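The values are calculated or read from the model by the stated rules, or taken from the named source; none is laboratory data. Given the structure is predicted, the values throughout are model-derived calculations rather than measurements. Here the Cβ positions follow ideal geometry from the backbone for every residue, glycine too, while neighbour counts run over all protein chains shown.
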Amino acid sequence: MQPGKCRDIGVDNHNFWGMLTVFLLVASSLWGPWGSAAAPTNAAVTPVYDAAIEGPISEGSLSGPLRVITRAARDRKPVVNIKFNSPGGDAFAMLDFLVEVSEAKSRGLKINCWADGALMSAAFFIYQDICDVRNITGRTVVLAHGVSTQLSGNQVDIETDLALIKVLNNIVANMTCARMGMTREAWDVKTLGRDWWFDGLEAKALKAADNVVTPNQMPTKFGMEDEGVLVILPFMVR
């Protein structure tokens, strides 16, 4: 056997094992472990139309829920369930997500949301914007505040960033005030330069949620699985 080359096992052996491998893969997809016929793969695995927004908000953490939402809209599904348990995060990722979800909802899709644990900052704003029904557990910790960031650079850079923060703050404040039925003045009193904390029970009274639910009333599974497809890896025959 020469260095850098695979052992030559012969054309006949290669073809035999290649065909055997393909046969076993196909057979295992058609028969269960007891030899009885199983349902076809594409019927046994169905798309999941529920997702979870968990952990820090970022482009990566929102990509899975966005994929589920756009797929549900494409498949003309009426409702998607979204679970929230997030401390907040990237405001720009949040805004991109809101734009994409708005397009999906324009096709008639409804989103039921379930907050349990943490509903903070950017996650709170997403919850107020995309959810048709806002469910929340009493143990959920809610945080609302204005958009904030750390500034660095020269005077021009800082002034530019300050102007951008003001625009972002106006967007989320006006959006949230409209959903909660608050005046902008009342919102600013609670959030301008400070954190506004409350729990799930207070959220309903403040019109930041529609229903207070127990953990047992929440859907039991929030998945982000892809559609089932039978994939047969090719066996290299030379």
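A few notes on this one:
- Pair list, Cβ under 6 Å, 6 or more apart: the stretch 192-207 residue under 9 Å from Ala144 (Cα atoms), other residue part of a strand (DSSP E or B) and of a type in the set (Gly, Ala, Ser): Trp196/Ala144
- Among the residues examined, Ile126 does not qualify as in contact with a strand residue (DSSP E or B) (Cβ under 8 Å, 6 or more places away or on another chain) and under 20 Å from Lys221 (Cβ atoms).
- Selection from the stretch 164-185 of residues that are part of a helix (DSSP H, G or I) and free of Cβ contacts under 8 Å to residues at least 24 places away in the same chain: Leu164, Ile165, Lys166, Val167, Asn169, Asn170, Asn174, Cys177, Ala178, Arg184, Glu185
- Against the test of being within 18 Å of Asp210 (Cβ to Cβ) and free of Cβ contacts under 8 Å to residues at least 24 places away in the same chain, the options Asp161, Asp157, Asp132 yield a single qualifying residue, Asp132.
- Counting only strands (runs of 3 or more DSSP E) wholly contained in the stretch 15-122, the ones carrying 3 or more residues that are in contact with a Ser or Thr (Cβ under 8 Å, 6 or more places away or on another chain), surrounded by 14 or more Cβ atoms within 10 Å (Cβ to Cβ) and at pLDDT 95 or above occupy 110-120.
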